[in-house]
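Asker: Structure provided below as structure tokens; questions to follow.
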Amino acid sequence: MNTSPSFPLNAWYAAAYDVEVKHALLPRTVCNQKLVLYRQSGGEVAALEDACWHRLLPLSMGRLEGDEVVCGYHGLAYNSQGRCTFMPSQETLNPSACVRAYPVVEKHRFVWIWPGDPAKADPALVPDMHWNDDPAWAGDGKMIRVACDYRLVVDNLMDLTHEAFVHGSSIGNRAVAEAPFVATHGDRSATVTRWMENIDAPPFWAGQIRHARDYVGKVDRWQIIRFEGPCTVNIDVGVAEAGSGAVPKGQGDKGDRSRGVNGYVLNTITPETDKTCLYFWAFARNYCTGEQRLTHELREGVANIFREDEHVLEAQQRAIDERPDYAFYNLNIDAGAMWARRLIDRMVEREQPKRPTIPIQAAAPAGVGR
Amino acid sequence: MNTSPSFPLNAWYAAAYDVEVKHALLPRTVCNQKLVLYRQSGGEVAALEDACWHRLLPLSMGRLEGDEVVCGYHGLAYNSQGRCTFMPSQETLNPSACVRAYPVVEKHRFVWIWPGDPAKADPALVPDMHWNDDPAWAGDGKMIRVACDYRLVVDNLMDLTHEAFVHGSSIGNRAVAEAPFVATHGDRSATVTRWMENIDAPPFWAGQIRHARDYVGKVDRWQIIRFEGPCTVNIDVGVAEAGSGAVPKGQGDKGDRSRGVNGYVLNTITPETDKTCLYFWAFARNYCTGEQRLTHELREGVANIFREDEHVLEAQQRAIDERPDYAFYNLNIDAGAMWARRLIDRMVEREQPKRPTIPIQAAAPAGVGR
Amino acid sequence: MNTSPSFPLNAWYAAAYDVEVKHALLPRTVCNQKLVLYRQSGGEVAALEDACWHRLLPLSMGRLEGDEVVCGYHGLAYNSQGRCTFMPSQETLNPSACVRAYPVVEKHRFVWIWPGDPAKADPALVPDMHWNDDPAWAGDGKMIRVACDYRLVVDNLMDLTHEAFVHGSSIGNRAVAEAPFVATHGDRSATVTRWMENIDAPPFWAGQIRHARDYVGKVDRWQIIRFEGPCTVNIDVGVAEAGSGAVPKGQGDKGDRSRGVNGYVLNTITPETDKTCLYFWAFARNYCTGEQRLTHELREGVANIFREDEHVLEAQQRAIDERPDYAFYNLNIDAGAMWARRLIDRMVEREQPKRPTIPIQAAAPAGVGR
């Protein structure tokens, strides 16, 4: 049983959708740390430790006075840097009186916080999810709380053969489970590419291409899953008329997707605790971008699909909890997930006090199992 | 505090009533082991470990394809022997890919499984509960889940003086608490016999003998409780006209019960976990066997009585959990329960790795205390 | 982290309001000990351990027969001294068969029990709460169960600056948080006295003095908080016309409160478990004592105020549980609570087996923190 932490602390984690954070106190837990978020009068978001220095009452139970948080028990006030600015019945403030303030960046419609060393909190490290606010793309998303280790969600997204068995009525069919795929990786990212040529589109995609391109018939379908450590998975998905050129002809060729429909499933899964996560997702498309009705329909449609995953993932977590020493075997389909796990493990390892390196079992070559 | 297991593994345990198991996946836990049961097209019942070899998802969340179970996550399929017959996206199946299959016997209206060593699973060891499907007897039963150690239910059944205090409005009266009893035992069974002669019948039995024999008046009442390890208790109960010859006149005499009414309370209490159990019971009678209305009425009447026990047993379990080191004292009335416990302990002991024998405190003679 | 007990055992604890205890079995937990209370035919209250000697079933699940408790499982009976007087099916009673009986005193409308050494249970040690049944005072109260260490309630009551932040709509205003106070202590009691002269009355008190004295205007307000170990806090509160002489002119002067309204907030907070408590309170006043409507209104009004505290206290307990090693800092306002804690610690210490004395950190001078 691996007892090292399940997530690195030196990383940006989505703590909220932009619209969730108003001039009001929003409690949230990220990487086992309780935070209170609020938007200041100037628009900037502040993120403080959600526990008063004095008696630990959650600050989120207090109230805002201007851009300061006032504790709901004895009235201690804190500014957005976490420094105490008022104590009842005394004029001298104890200089140690402060709560932790977290680095915050708002980008691509998410509020990101950095739970690790603030000196390393480089905004350039926020993962690219630009489709989520790029005017060439339209879409929307949600946040759901799932009672499982965030890595189970990553595993789930890195292998889409499960679509055939979990999502048979919408996006899955046997073609996904049967098509070959290619898994590659870089220093901080892993990619799984699967092309299914000249197939029947599953119900969801058949509907999209008929609606957007007025096309009915065989399609070429793609799923290009890109993981970026520790917990972001952006998936380039779509279908095009079979044989219309969407399939790349070789390295570097991007293919011609003009006779197709293209979407991005954007996912970033923030560990809330060791066994729960905040799963932020959005679905963005580059067709019919002006149709608000379609945006609404797709958001709810994807939400339904993800609820099927939620059910499976929470059952899987319970099963793992009951058998903590189970030695997992990997199939060929787990190649992408194994690379993602290996990259997460490396990020975690780099944060641990130095000790002799032990090779990580989970990182065995894909399909070999043990 | 005794920390050895509370149940033997080498035994048949009722996992379900026959009618519960259809061509569908039924999850159930027996002796801390999660199983999925299903009836195959030929009628035979299969019992598999309820966790996919690959990612542990409960197989009961999947679906049947013919007589094979398909996992609801990645589609791995297993036959009724637990061998994996399909993996997505790969042709070679890992030879280690299997889940545990349990020996199953269907007998006396129960589906019995053997959680221990399959080599020892002799169908002849299924306890005799033939009254449950003997045409000379009529009856019906239920399964209830009780949040207590199964042995507390055994204790409860082995001493029926509690009827006077727990079931005063139906089957209990002071006569039960006052009548003498005889406790005997064999290698694997223990018996408590109590005759109450020339007494007023309690409300339940007064009603039965009036209905079946049109008799009102004093009765001779019997309770012959027979425990068979580890968890089956069949109770021969009834009343007859006082003095009509039902009371045996000596060893070997079975008495003449022709002027009486006779029932069997059949109980088999399967440990689900260490602190919960699946309590299967039935009430079979040999009078008015064609009256469907009476069968229905008795089933619900007994169910109400057992609900009173359930309430007491769960409170007792909570009290024991709060005082795990309490040294229990035994009364005379506990003689039968003490024999049952001793026989269970022996079955458990036989399965433990050899170690020096220590005399078991609970096995002190009845009424002596500890 | 301090692991010594959080409460002394040699003390009187309120277990119930007088009216709660009838000729019926009332289960209650005090200092982690489960009790069953009942009023005997002569009016005296009995308090027994709530677990049958035989199989631990809570006696409170049984029934009274005269002044004896009969267990609801096998019918063992106990008298009010806890001695077993009946066992089923046997004539000789095991002499060890008894349950613990607790010393009981009924006083000032509460039923007090002594969970420690009975030899030390001196009725003279019951804390003075006579306002609760003194005909010169009128009032009423309630008991609420709060999911926190009882000492958090004591802390809460010893510092009323929290009124400004928790109870702003009723009894709190900035004056409380700003007024100076004096903290003194004796061997077993600690007192915090705060006078707020010539202030605007908060809504609650403005209403009371207008109703009782037909007065509208500035007031002198007092809060005299008196803690008596381990868990009783009586608070002398009120307002009088500003400058009418209520403020004492020096040591020994009691002031002239004739132009004011005076109440006592009576609180005794019984530890139920280490992290839950039974909070008994009453509000008694010496004005308009015949107005039943006012009694009702005040009881419900105070109940609403205490619900605000309950919310804060339970959140504080959860926060402490999550950070068991947090080193708390004290503010000036904590002086009274610190004395109360020190007195509790001394009572607990006296009951511990002797060991080398270690100075208690929490007892550092007020406002110094660490």
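Throughout, read-outs are computed from the coordinates displayed, never taken from laboratory work. Please read all numbers here as calculations on a predicted model, not as lab measurements. Note: ideal-geometry Cβ built from the backbone for every residue, glycine included; neighbour counts use all protein chains shown.
Asker: Under a Cβ-Cβ cut-off of 13 Å, what is the net charge of the residues other than C:Glu197 that fall near it, where Lys and Arg count +1 and Asp and Glu count -1?
Answerer: Around C:Glu197, the surrounding residues sum to 0.
Asker: Mean residue ellipticity at 222 nm from the helices of chain B, using -39,500 (n - 2.57) per DSSP H segment of n ≥ 4 over the full residue count, to the nearest 500 deg cm²/dmol?
Answerer: Helices in chain B give a 222 nm mean residue ellipticity of -6500 deg cm²/dmol.
Asker: Now, a different point. Please go through the stretch B:214-266 and write out the trypsin sites (Lys or Arg not before Pro) that DSSP classes as loop and that have at most 16 other C-beta atoms within 10 Å.
Answerer: In loop regions of the stretch B:214-266 (DSSP not H, G, I, E or B), the sparsely surrounded trypsin sites (Lys or Arg not before Pro) are B:Lys218, B:Lys249, B:Lys254.
Asker: With a Förster radius of 51 Å, plug the Cβ-Cβ distance of B:Asn32 and C:Ser169 into 1/(1 + (r/R0)^6) and report the FRET value to the nearest 0.05.
Answerer: 0.40
Asker: Whose Cβ in chain B comes nearest the axis that rotates B onto A, and by how many Å?
Answerer: In residue-and-Å form, the answer is B:Asp321, 12.
Asker: Using a 7 Å offset from the Cα along the Cα-to-Cβ direction at both C:Asp325 and C:Arg293, what is the distance between the two label points in nm, to one decimal?
Answerer: 6.0 nm
Asker: Next question. Less than 15 Å Cβ to Cβ from C:His23, Lys/Arg counted +1 and Asp/Glu -1: what total charge do the surrounding residues give?
Answerer: Details: positive: C:Lys22, C:Arg39, C:Arg63; negative: C:Asp18, C:Glu20, C:Glu44, C:Glu65, C:Asp67, C:Glu68, C:Glu106.
Residues close to C:His23 contribute a combined charge of -4.
Asker: Semi-axes of the equivalent ellipsoid for the stretch C:130-322, please: Cα gyration tensor eigenvalues, times 5, square-rooted, ordered largest first, whole Å.
Answerer: Working: eigenvalues 144, 69, 55 Å².
Working through the eigenvalues yields semi-axes of 27, 19, 17 Å.
Asker: Okay, moving on. Among A:Pro118, A:Pro248, A:Pro27, whose mean-square fluctuation peaks in a Gaussian network model of chain A (Cα, cutoff 10 Å)?
Answerer: Highest fluctuation among the options: A:Pro248.
Asker: Something else about it: What are the label-to-label distances in nm, one decimal and shortest first, from C:Ala303 to the same spot in the other copies, with labels 7 Å along Cα to Cβ?
Answerer: Taking the point 7 Å beyond Cα along Cα→Cβ, the inter-copy spacings are 3.9, 3.9 nm.
Asker: In terms of modelled amide H atoms, which long-range or inter-chain residues lie less than 5 Å from the amide H of C:Thr29?
Answerer: Close amide H contacts, sequence-distant or interchain: C:Leu35.
Asker: Related question: Hey, what do the phi angles of the stretch A:174-179 turn into as Karplus ³J(HN,Hα) couplings, whole Hz, using 6.51/-1.76/1.60 and θ = phi - 60°, x for Gly and Pro?
Answerer: 4, 4, 5, 6, 9, 5
Asker: May I pose another question? Can you list, shortest first in nanometers, how far A:Pro118 lies from the same residue in the other copies, with each label 7 Å from Cα toward Cβ?
Answerer: 6.2, 6.2
Asker: List, in order, the whole-Hz ³J(HN,Hα) value for each residue of the stretch B:195-207 obtained from phi through the Karplus relation with A = 6.51, B = -1.76, C = 1.60 and θ = phi - 60°; use x for Gly and Pro.
Answerer: 10, 10, 9, 6, 10, 6, 6, x, x, 4, 6, 4, x
Asker: On a full-extension model of 0.36 nm per residue, what is the gain between B:Asp133 and B:Arg350, subtracting their alpha-carbon distance, rounded to one decimal in nm?
Answerer: 74.9 nm
Asker: Given a 10 angstrom Cα cut-off, can you work out which residue in B:Val247, B:Val265, B:Val104 is the most mobile in a GNM of chain B?
Answerer: Looking only at B:Val247, B:Val265, B:Val104, the largest GNM fluctuation is found for B:Val247.
Asker: Moving on to the next point. In whole percent, what relative contact order does chain A give with Cα contacts below 8 Å and a gap of six or more residues?
Answerer: Once normalised by length, the contact order is 18 percent.
Asker: For the pair C:Ala303 and C:Glu44, what calculated FRET efficiency results from E = 1/(1 + (r/R0)^6), where r is the Cβ-Cβ distance and R0 = 25 Å, to the nearest 0.05?
Answerer: On the way: r = 30 Å, r/R0 = 1.21.
Efficiency computed from Cβ-Cβ geometry: 0.25.
Asker: For peptide C:57-70, how many partner chain Cβ atoms fall within 10 Å of a residue's Cβ, on average?
Answerer: Partner Cβ neighbours, averaged per residue: 2.
Asker: So if we plug the beta-carbon distance of A:Arg83 and C:His311 into 1/(1 + (r/R0)^6) with R0 = 22 Å, what FRET efficiency do we get, rounded to 0.05?
Answerer: 0.25
Asker: Considering only A:Val216, A:Val348, A:Val69, give the residue with the highest GNM mean-square fluctuation for chain A, with springs between Cα atoms whenever their separation is below 10 Å.
Answerer: A:Val216
Asker: May I ask you to compute the full-extension gain from C:Ala119 to C:Gln251, defined as 0.36 nm times their residue separation minus their alpha-carbon distance, rounded to one decimal in nm?
Answerer: Numbers: separation 132, 0.36 × 132 = 47.52 nm, distance 3.91 nm.
Working it through step by step, the gained length comes to 43.6 nm.
Asker: Report the normalised scattering of the protein assembly as shown as log10 I(q)/I(0) at q = 0.05, 0.06, 0.07, 0.08 Å⁻¹, calculated by the Debye formula with identical scatterers on the alpha carbons.
Answerer: -0.49, -0.71, -0.93, -1.12
Asker: While we're here: With θ set to phi - 60°, apply the Karplus curve 6.51 cos²θ - 1.76 cosθ + 1.60 along the stretch C:136-152 and write out the HN-Hα couplings as whole Hz, x wherever there is a Gly or Pro.
Answerer: Each residue of the stretch C:136-152 in turn: 6, 10, 10, x, 6, x, 8, 10, 10, 9, 10, 7, 8, 3, 4, 5, 5 Hz.
Asker: Report the Cys residues of chain A lacking a disulfide-compatible partner, meaning no second Cys Cβ under 4.7 Å from their Cβ.
Answerer: Flagged as lacking a Cys partner: A:Cys31, A:Cys84, A:Cys98, A:Cys148, A:Cys231, A:Cys277, A:Cys288.
Asker: If we hang a label 7 Å off Cα along the beta carbon direction at B:His211, how far is it from the matching labels on the other copies, in nm, shortest first?
Answerer: So the label point of B:His211 gives 6.2, 6.3 nm to the other copies.
Asker: Amide H of B:Phe86 versus every other amide H placed in the peptide plane: which residues, excluding those fewer than 5 positions away on the same chain, fall under 5 Å?
Answerer: B:Ala77
Asker: Oh, and also: If amide hydrogens are placed 1.01 Å from N in the peptide plane, which non-local residues have theirs closer than 5 Å to the one on C:Val45?
Answerer: C:Gln40
Asker: Answer rounded, prolate or oblate for the stretch C:127-191, using the Cα gyration tensor with square roots of eigenvalues a ≥ b ≥ c: rounded when a/c is under 1.5, else prolate when a/b is larger than b/c, else oblate.
Answerer: rounded
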